[in-house]
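Quick notes on the structure that follows.
The numbers here are math on the coordinates, done by the rules we state, and not lab data. Note that the structure is a prediction, hence the values are computed from the model and not measured. Methodologically, a virtual Cβ is constructed for each residue, glycine included, from the backbone with ideal geometry; neighbour enumeration extends over all protein chains shown.
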Amino acid sequence: MHNLNDKELDIDAMPDKKLFSVVPYELEEAERTGFSNYSYWGSVWKNFCKKKSAIVMACVFFALFAFSFIAPVIGRFSYSELVTDNTQIFISPNKTYWFGTDNLGRDFWCQVWYATQTSIKLAFIVAFFECVVGVAIGCLWGYVRELDAFFTELYNLMTNIPNIIYMTLIALMIGQSFAVMCIAMVCFGWMGMARNVRNLVMIYRDREYNLASRCLNTPLLRILSKNIFPYLTSVVILRLALSVPRTIALETTLSYLGLGLDINTPSLGILLRNARSYFVDFPYLLLFPAAIVSIITITFYLIGNAFSDACDPKNHV
Amino acid sequence: MLGYTLKRLLRSLITVFVVVTLVFLLMRMLPTDYYFTEEELLLLTQEQRQDKLMAAGLLDPVHEQLFRFYKNLFLHFDFGTSRRIQSGVPVMQLIASRMGYSIRFGTIALSISLVLGVFLGIMQAKYKDSLWDHVGTAYTIFANAVPALVSYSLILIIGAKYFHLPSMYSIRNKVPSSIMPVICLALSSIAGYMVWIRRYMVDELNKDYLKLAQIKGMSMKDIMLRHVLKNAFVPMAQNIPASFLLTITGSILMERFFGVPGMGPLLAEAIGSYDTNVVQGLVTIYALMSVLGVFLGDALMCLIDPRIRLNTAKEGIR
């Protein structure tokens, strides 16, 4: 505007062609106002790919996951046909017994891989449902004021009783099996997620755009899912990823205490429990399961952290 | 302030009350056969069993049992006697005999991990991005991600093989056999404190008040100790009383793993052998401790940081 006066003088004298010219399309100029080809998940993916270590970890994890299904097939013994054999006890790893044999003379290779499968399956199922239940309850808890007091009391009540009491009571009253274990872990595992989500929802609930939505009589479910949930993704994903190592750890602890899976479902906790007295003399009984479970939990922990960093819009360009 | 404190205490007590009642009712849902040992089940006739149950007051209507339970609890803090674990011994006596071990192990491990964790965290922040920092981060990741059972087993192997430490706790050989349990307990909490202190200190390095202090001529060391560390300590303070109080409850896994006769395995044992009185005693103590711990934690936080007031602290949710 400021040098308009200088130009004003010659405008009338100029022909149209000189006055108007076609401006070539420039992405940069176009982006300066309004338009942006920013996409949330695109940026997440780009940021995640920047971290080479996270990609490597993800590859290691998936390779191991896939291998846990292949390994029992290529092994020389199948889990369902294992027999106890007193002449074959404590054989160190060799050509026949790739991971050696345990105190009952059973092949350790197929036990370890079968247990790995069980642990991963359990961890994924529990993490997924914990997340679903946790987010659903957390949203309601944070958004609906009337429910706040109720859920807060419920939360305080449930966290006050040690988890081990629930688990023992369930194991004694209902029994021990894979399904029971999953349900029990979900039932008492959603609280952390729900509380986290609740605190976030409280922050976003009374922002102006939500007030506007409420004035326009938008249904509750729509406000929760369209207006609020997108803000929660990075936290939810982090929790989801961290709950995998946590579930595996809880399973090993419970199985070690005899409260987890039943003895016929091999899991890492049960393997370690059986081998407890022989570790010192036969370290391979510990090393193989320990190495596998450590790789799984550590890689997942790192992937989760990297992915939640990538999900945080603050880190997006 | 006083009103708020009282209100909160009252609410906590109500929570404890509900927890205790719930567990009482849950335990009453178990079939009565569980009250006998297998031997007794074989020897006693149906009538003898009924007589025994009657004598113990277990056949009365539930509300009468509950009322009797409340009366003993509130007037004498008495939970009756243990039925299965140590038959005839009062529950409180049984618990007291186990509590010592858990408290000793817990406080030693917690003190070590507080000192070591804070120190290592400061070192990590000070030499950020050095080899030492990376080693520390690797350690914290290991401690956070790997199941405790696995790391305990690794410690057990290393300790037993290379340092010839006893693999089980024994009263005759107290000091050497306590080394590994204490290391196991401290392992993960050291990592927790390390992560927190490091992250807080690194975040704080760009803050304005730090620059001001530098301009005033304070040395970096003084700034770190007097300002940053003190601030980093505030949220930690909230958990410290609870951690110390909860040492009483012991660590189930560690105590089972090394055969320490502490509180941890007692609960699992009590539930496993349907010793209802012991379970109730333990649950009441657990609930009281955790409620009291949160409360003391908030109080300590207010003491350290005068900016925080209890009535504005996150109410209701812990």
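What the table below lists for this structure:
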item: Nearest-ten-degree value, helix B:174-204 long axis tilted from longest Cα axis of chain B; result: 50 degrees
item: Computed helical MRE - 222 nm, chain B, DSSP H runs ≥ 4 contributing -39500 (n - 2.57), nearest 500; result: -24500 deg cm²/dmol
item: Whole-Hz couplings from phi, Karplus 6.51/-1.76/1.60, listed for region B:263-276; x for Gly and Pro; result: 6, x, x, 4, 5, 4, 4, 4, 5, x, 9, 6, 8, 4
item: Partners for B:K71 among lysines (Cα-Cα distance below 23 Å; same-chain residues under 8 apart left out); result: B:K52
item: Prolate/oblate/rounded label for the protein assembly as shown (Cα gyration tensor, a/c 1.5); result: prolate
item: Region B:78-177: C-alpha gyration tensor shape, a/c 1.5 cut-off, then a/b vs b/c; result: prolate
item: Chain B: angle of helix B:2-28 to the longest principal axis, Cα-based, in degrees nearest 10; result: 40 degrees
item: Above-threshold pairs, the threshold being 27 Å between Cα atoms, out of A:K52/A:K314; A:K51/A:K314; B:K7/B:K230; A:K46/A:K226; result: B:K7/B:K230
item: Net charge dipole size for region B:117-224 [Lys, Arg +1 and Asp, Glu -1 on Cβ; Debye, nearest 20]; result: 260 debye
item: Estimated Rh, chain B: Kirkwood, alpha-carbon pairs, angstrom; result: 23.0 Å
item: Eligible lysines near A:K18 by straight Cα distance, threshold 22 Å, same-chain separation 8 or greater; result: A:K7
item: Counted charge near B:S82, where neighbours are those whose Cβ lies closer than 12 Å (Asp, Glu -1; Lys, Arg +1); result: +1
